[in-house]
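A short write-up of the structure that comes next.
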Amino acid sequence: MKKFLAAVGAAAFLTVGLANAEQTLYEKLGGKKAIDAVVEDLTNRMMNDKQLKRFCGNVSKDKLKTNRELVAAFICKATGGPCEYKGKDMKEAHQNLGITEKDWDRFVELAKQSLNKFKVPADVQKEFLGAVAGLKDQVVSKK
Ligand code: HEM
């Protein structure tokens, strides 16, 4: 009986391990609804942030919504989800905005706050923020 239980335990462990290995980052984040929620929260934080609100000022509600949808679709696709992204590439979208290193650091800080709010596990946050870090060169203005 002990042996049997050990075998069942080992099989369960292996199954969970394999299932995790096959999960995309999109799935680990909790799918499109979870990504939408994080993006909405992060956008709100940016709009109310002393340092970053200058990028969001004077923007109509419609434009904000479209932008949120584009960001969510981009993240969905980039993390292996079933979305189409029809927006600009990251360099084109950001190069004329004058985003500094300091802005970037603040953005990452706010992103962590949003991920924490929705209880995204630490290892998934790390993987996600690692992927986002790969975009820094395209987002921060070179001057
Ligand atoms: C400091 C960090 C960032 C700031 C201040 C920022 C700001 C902005 C602003 C103001 C726009 C609107 C541009 C326009 O209407 O012409 C925009 C567009 C966009 N951003 Fe960012 N962004 C940042 C980082 C990122 C990151 C890390 C991602 C991806 C995960 C991202 C994804 C997008 C997308 C998909 C668009 C829409 C592009 C389009 O209009 O086709 N942004 N961003």
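Please quote Rg/Rh for the range 62-101 to two decimal places, taking the Kirkwood radius as Rh and restricting both calculations to Cα atoms.
On the way: Rg = 11.3 Å, Rh = 11.1 Å.
Result: Rg/Rh = 1.02.
Could you tell me the relative contact order of the range 25-139? Use alpha-carbon pairs under 8 Å, at least six residues apart, and round to a whole percent. Walk me through the intermediate numbers first.
Details: 85 pairs, mean separation 39.7, N = 115.
The value is 35 percent.
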One finds, for Glu101 and Lys63 with R0 = 25 angstrom and r their Cβ-Cβ distance, a FRET efficiency to the nearest 0.05 of 0.40
In nm, the gap between the two label points placed 7 Å beyond Cα toward Cβ at Gln113 and Met47 is 1.5 nm
Scanning the chain, every Cys lacking a C-beta partner under 4.7 angstrom -> Cys56
The value for the chain (convex hull of the alpha-carbon atoms, volume per residue, Å³) is 124 Å³
About its Cα centre, the range 25-139 carries a charge dipole, from +1 on Lys and Arg Cβ atoms and -1 on Asp and Glu Cβ atoms, whose size in debye to the nearest 20 is 320 debye
So the FRET efficiency between Glu27 and Leu70, C-beta based with R0 = 22 Å and rounded to 0.05, is 0.55
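Using only DSSP helix segments of four residues or longer, with each worth -39500 (n - 2.57), what per-residue ellipticity at 222 nm results for the chain after dividing by its residue count and rounding to 500? Spell out each step's value before the answer.
Working: 8 runs with 99 residues, N = 143.
For the chain, the value works out to -21500 deg cm²/dmol.
Every number here is computed from the coordinates shown, using simple stated rules; none is lab data. Note that the structure is predicted; figures quoted are calculated from it, not measured. With ideal geometry, Cβ positions are generated from the backbone for all residues, glycine too; neighbour counts draw on all protein chains shown.
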